[in-house]
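Enquirer: This is the structure, below, for whatever I ask next.
Here, each number is a calculation from the coordinates, and none is a lab measurement. Keep in mind that what you see is a predicted model, and the values were worked out from it rather than measured. Note that we place each Cβ from the backbone using ideal geometry, even for glycine, and neighbour counts take in every protein chain shown.
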Amino acid sequence: MLKVKCFVCNSFYENSYVVYDSNTKECAIIDAGFYYADEEDAVSYFIESNNLIVKHLINTHLHLDHCFGAEYISKRYNVGLSCDDADELLLKLIPQQCEMFGIRLNSSVPVLKNIIKEGDKVEIGNYSLVAISVPGHSPGSLCYYCKEEGILFSGDVLFKESIGRTDLQGGSYKALSENISSKIFTLPDSTIVYCGHGPTTTIGYEKEYNPYF
Ligand SMILES: [Zn+2]
């Protein structure tokens, strides 16, 4: 079974996920936002007490709140950060964004090691997540879809009754709304959506109640 554990992290209440195959124990960490020591400890305790094997550190996009824990996970579990390289330019902006938000940057800026593009598969034990490119919140935003389990990790593309902001670098409201309509709302209504912030939702619920559509 593919299981999902959510950790709400940092001052942005960002959702970091550990996704794991309960049989093979392989896992992927999606959007490592672990900032405080107790957040790092919580995820490490979860991984290590469940004997999970960290195979991937993947990001939906590279905004700072989704990246604070990337260096910690990278070093502790010897995995490189993977994301669409259309977002790589955002990494350079992290120090100035931290300054803007009054946040102390307590690790080095992460380095993008592996590039994920539309259609690429991330294998987790007997399951795979397929990357769907959904630019608009950021230039390289990806969602990760597991067809056999009917789940989607939407990052900051789609939230319960909302969508990602489009006023940041490389954002586009037109692109985001068109991409959600054509690439995300075409998934089955029953698909469970794990968002980058806030509660979980479904595609069917959002098609009916999301005020942006
Ligand atoms: Zn974001």
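Enquirer: Multiply the residue separation of K174 and N51 by 0.36 nm, subtract the distance between their alpha-carbon atoms, and state the gained length in nm to one decimal. Spell out each step's value before the answer.
Expert: Working: separation 123, 0.36 × 123 = 44.28 nm, distance 4.37 nm.
Taking K174 through N51 to full extension adds about 39.9 nm, to one decimal.
Enquirer: Okay, moving on. If I stretch the segment between S190 and V109 completely, what's the gain in nm (0.36 nm per residue apart, minus their alpha carbon distance), one decimal?
Expert: Gain in length upon complete extension: 25.4 nm.
Enquirer: What is the Cα coordinate range of region 10-110 on the first, second and third principal axes, sorted by size from largest, in whole angstrom?
Expert: Projected onto its principal axes, the Cα set of region 10-110 covers 43, 30, 21 Å.
Enquirer: Treat region 43-83 as a sphere of radius equal to its Kirkwood radius over Cα pairs and apply Stokes-Einstein at 20 °C in a medium of 1.002 mPa s; give the translational diffusion coefficient in µm²/s, rounded to a whole number. Mind showing how you got there, number by number?
Expert: Numbers: Rh = 10.8 Å.
Stokes-Einstein gives a translational diffusion coefficient of 198 µm²/s.
Enquirer: Reported to two decimal places, what Rg/Rh ratio describes region 51-130 when computed on Cα atoms with Rh from the Kirkwood expression?
Expert: Values: Rg = 13.5 Å, Rh = 13.5 Å.
Here the Rg-to-Rh quotient is 1.00.
Enquirer: Calculate, for A42 and S128, the FRET efficiency according to 1/(1 + (r/R0)^6) with r their C-beta to C-beta distance and R0 25 Å; round to the nearest 0.05. Could you put the intermediate results ahead of the total?
Expert: On the way: r = 27 Å, r/R0 = 1.08.
Once rounded, the FRET efficiency stands at 0.40.
Enquirer: Continuing with the same structure: What are the residues whose amide H is under 5 Å from the amide H of I116, where those residues sit 5 or more places off or on another chain and H is modelled from the backbone?
Expert: Amide H neighbours of I116, under 5 Å, 5+ apart: C83, D84, D85.
Enquirer: Turning to a different aspect of this structure: When the dipole is taken about the Cα centre of region 2-209, and only Lys, Arg (+1) and Asp, Glu (-1) are charged at their Cβ, what size is it in debye, to the nearest 20? Before the final figure, lay out the partial values.
Expert: Numbers: 17 positive and 28 negative charges, 44 e Å.
Rounded to the nearest 20 debye, it is 220 debye.
Enquirer: Which FRET efficiency value, to the nearest 0.05, do you get for C98 and E118 by plugging their Cβ-Cβ distance into 1/(1 + (r/R0)^6) with R0 = 30 Å? Intermediate values should be presented prior to the final figure.
Expert: Values: r = 30 Å, r/R0 = 1.01.
Once rounded, the FRET efficiency stands at 0.50.
Enquirer: Over all distinct alpha-carbon pairs, what is the Kirkwood Rh of region 100-213 in angstrom?
Expert: Working: mean 1/r = 0.0668 Å⁻¹.
One over the average 1/r among Cα pairs gives 15.0 Å for region 100-213.
Enquirer: Say the dipole of region 41-197 comes from +1 at the beta carbon of Lys and Arg and -1 at that of Asp and Glu; which of H197, V54, G170 then lies farthest toward its positive end?
Expert: Farthest along the dipole direction, towards plus: V54.
Enquirer: Compute the Rg/Rh shape ratio of region 150-198: radius of gyration over Kirkwood radius, all on alpha-carbon atoms.
Expert: Numbers: Rg = 10.8 Å, Rh = 11.3 Å.
Rounded to two decimals, Rg over Rh is 0.96.
Enquirer: For region 101-113, take each phi angle, set θ = phi - 60°, evaluate the Karplus expression 6.51 cos²θ - 1.76 cosθ + 1.60, and give the result in whole Hz per residue in order, putting x for glycine and proline.
Expert: 8, x, 10, 7, 7, 9, 8, 6, 5, x, 10, 7, 9
Enquirer: Moving to a separate point now. Based on Cα coordinates alone, diagonalise the gyration tensor for the chain, multiply each eigenvalue by 5, take square roots, and list the semi-axes in whole Å, largest first.
Expert: Rounded to whole Å, the semi-axes are 24, 22, 15.
Enquirer: Something else now. Taking Cα pairs under 8 Å and at least six residues apart, what relative contact order does the chain come out at, in percent? List each step's numbers first, then the result.
Expert: Numbers: 474 pairs, mean separation 33.6, N = 213.
Contact order relative to length: 16 percent.
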